[in-house]
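None of the figures in this text is laboratory data; all of them are computed from the coordinates on show. Worth saying up front: this structure is predicted, and the values here are computed from it rather than measured. When we count neighbours, we look across all protein chains shown, and the Cβ atoms used for this are built from the backbone with ideal geometry, even at glycine.
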Amino acid sequence: MAILEEPIKEVSLIKNYINGEWVESKGEIKDVVNPATGKVIARVPISTNDEIEAAVEAAKTAFPDWRRTTPLARSRCLFRLKELLEENFEEVSRIQTQEHGKTIDESRGETRRGIENVEVACGIATLMQGYFSEDIASGIDEYLIPTPLGVFGIIGPFNFPFMIPLWSAPYAVATGNCVIIKPSSEDPLSQRRLAELVDEAGFPPGVWNVVNGGRTVVSGMLEHPGIVGITFVGSTPTAKYIYKMCGETGKRVIAQCGAKNFMLIMPDCNVAGTIPALMTSFFGNTGQRCLSGAVLVIVGEDDGFYNSFMDAVVDTTSKIIIGNGLDESVQMGPLRDKGKKERVLGYIESGIQQGAKLRLDGRGEVKIVGDYPQTCFIGPTIFENVTPDMKIGRDEIFGPVMSVMRAKNLDEAIDMAHSSPFANGHAIFTSSGKTAREFQYRIVSGNVGINVGIVAPMAFFPFSGMRDSFFGVLHTQGREAVRFFTESKVVIQRWL
Amino acid sequence: MELNTASAVVSFAKKLEEDSAKFYEDLSRRYAKDKDVLLSFAKENVKNIVQVERAYYGVITDAIEGCFAFKINPDEYTFKTELAKGASYSDALAKAVEMEEKIIKFYSDAAEQSKSLMADVPRAFVIIAKKRDNRRSMLKSLLGKGA
């Protein structure tokens, strides 16, 4: 099958986008490598503290005028951005595949969800309306005005380089704030393209800024008194640190993080419909997402069902086509880099050492469609006889590894899920409404799937998370994001 | 090679539409009698491509089984568009009917297999399968008129 054309053809030095201009960084430079081909596709700066300072200054300067810009005028900028994203949909998607390694279907899905957030934020004129009570006392009225706060920092992860900053940024600017986005330095190219389109859409200088880099930029954002809030998606230890730092510096924060999602399989599930959902859940995005299935729990003591179900899972998994995501036949791309592959291999070794049964081994030479280096590729792996105390049963692996457990009944399966400190996206597969409702009611999980393996909320719902999967109160996306990016100003008014 | 991903199936649908449009354009040049009808088929193919791509790009989400929904063997639906030297108009129409049947089967199978995707995708496939079924009836009627 033909390989789709790569949009990034030349290695360029990525610049920061500050105050409506592309500015070269003085920081150290790092290569951006396409994990499928092993080729360098760009060079990204690790920006300095002075550069984050300049971005904050630009955003702070832009804020008063942007705040005074009417909500409708702000939403028109977003409408133009939406149109530009539609026009450049395919290019933006292919950039994601090149920079991250995911399949083209996955990249297009990511682009679409990003655009959906822009679309929802376009409705800001009604989304951020306040409310009013007349005559709360004689001749006195009271009303609430949602007001923007200032400058927000948005820290993006590597696994959804385009979409995740869009869970926050459209709502932040729609409500009248200014933003500084720090893309992952591993895959910053789609954010550069997004900033180019933002520029073309006519956002005033300083409203939308992008500063590339690593810890210096993050620390600069956390410590800067000019930044009023942070949204972050990444690992749980970093999220905890960010949450703590934001508490200390008086910033509001949304910190979305790790997961270990349990997929419960009831014996009455629709097997034919469940298997493809599990493939997407466990192996989609090469397992690098916080909504990936991690543990498959087969419920019930029927060995016949267990064996036939697992045979089907293993058979389907073993046929997954692996390769460069720009090849349309490919169902699973590489991991983002060699270090991540080594980490996943380490987990597979630990699973073997701790006594789990390796049913499908993703180590060794991977059968890749096309001529590509093995460097970042790994095959899908399935372990049986996993227990919650094993490392592979407990830790977030962030790779294409399925750990299979068995539970006698629904109660035990829910207890297993609750034994994990994470609570991001547990799911159940069943044809019983009663069982599904019982699960939905009892499970502690920010997002709950019923016959859905990737519980990714639409843009008009919050992307939830509980326990060690989320730190904060409000979430990204939809009305909660609007609430997060505004402060409630309550006015009590009497004319004498 | 089997088509497994939504992207591959959408590209294949586009190829079927383009190949069959070219076939009708060729026929319209060779058989002026039904030129308008044949050209209208080619034009409709362009609309079909738009309809499929709009459905796919409009609802694609990485959360649904985009990479795992399909098991389409393209060999079952491919067709040859070359006409033998000296082929009559009836031969050409018979070939067109045969081609439409393969395309209808493709869209019907793709609709069935993509039920796990957002509704727009299988719906687009079903609508186009129906349109092509109507086209097949028209072709048969032209054939029956002793073309």
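In straight-distance terms, cross-link reach from A:K9 covers every one of the lysines whose alpha-carbon lies under 25 Å from its own, apart from those fewer than eight places away in the same chain; here that gives A:K26, A:K30, A:K39, A:K102, A:K182, A:K338. With contacts taken as Cα pairs under 8 Å and at least 6 residues apart, the stretch A:261-450 reaches a relative contact order of 29 percent. The distance from the alpha carbon centre of the stretch B:83-110 to that of the stretch A:132-174 is 58 Å, rounded to a whole number. For the pair A:K338 and A:T387, a Förster radius of 35 Å applied to the C-beta separation gives a FRET efficiency near 0.70, rounded to the nearest 0.05.
Here the alpha carbons of the stretch B:93-147 define both size measures, Rg and Dmax, at 13.1, 44 Å.
From the mean inverse distance of alpha carbon pairs (Kirkwood) and the Cα radius of gyration, derive Rg over Rh for the stretch A:261-450. Ratio of gyration radius to Kirkwood radius: 0.96. Counting only the Cα atoms, the protein assembly as shown fills a convex hull of 195 Å³ per residue. Sorting the Cα pairs of the stretch A:285-336 by distance into bins of 10 Å, from 0 upward, gives 20, 39, 29, 11, 1 percent per bin.
When the charge dipole of chain A is built from unit charges on Cβ atoms (+1 for Lys and Arg, -1 for Asp and Glu) and taken about the Cα centre, the candidate among A:T61, A:G206, A:G114 whose Cα reaches farthest toward its positive end is A:T61. Using a Förster distance of 35 Å, how high is the FRET efficiency between A:R442 and A:E487, based on the Cβ-Cβ distance and rounded to 0.05? With a Förster radius of 35 Å, E is 0.45. The simple spin-label model puts a point 7 Å past each Cα toward its Cβ; for A:E28 and B:S90 those points are separated by 8.1 nm.
The modelled label-to-label distance for the pair A:S419/A:N451, using points 7 Å beyond Cα in the direction of Cβ, is 3.0 nm. Computed from Cα positions, the angle between helix A:71-87 and the longest principal axis of chain A comes to roughly 40 degrees.
Working from label points 7 Å from Cα in the Cα-to-Cβ sense, the A:E10 to B:A119 distance is 4.9 nm. Here the Karplus relation 6.51 cos²θ - 1.76 cosθ + 1.60, evaluated at θ = phi - 60°, turns the backbone of the stretch A:10-20 into coupling constants of 10, 7, 10, 8, 6, 10, 7, 10, 10, 6, x Hz, with x for every Gly and Pro. One decimal place: the segment A:E134-A:T69 gains 20.6 nm when fully extended, by the rule 0.36 nm per residue minus the C-alpha distance.
Between A:T147 and A:D302, full extension at 0.36 nm per residue minus the direct alpha carbon distance yields a gain of 50.0 nm.
Helix A:433-442 and the longest principal axis of the C-alpha atoms of chain A enclose an angle of approximately 60°. Enter the angle in degrees (range 0 to 90, nearest 10) between the Cα long axis of helix A:236-249 and the first principal axis of the Cα atoms of chain A, meaning the one along which they spread out most. The angle comes out at about 20 degrees. Qualifying GluC sites (Glu not before Pro) in the stretch A:254-344, where qualification requires a DSSP coil assignment and no more than 16 other C-beta atoms within 10 Å, comprise A:E301. Going 7 Å from the Cα of A:Q354 in the Cα-to-Cβ direction, what parts of the stretch A:271-295 have a backbone nitrogen less than 15 Å from that spot? Residues A:294-295 fall inside that zone.
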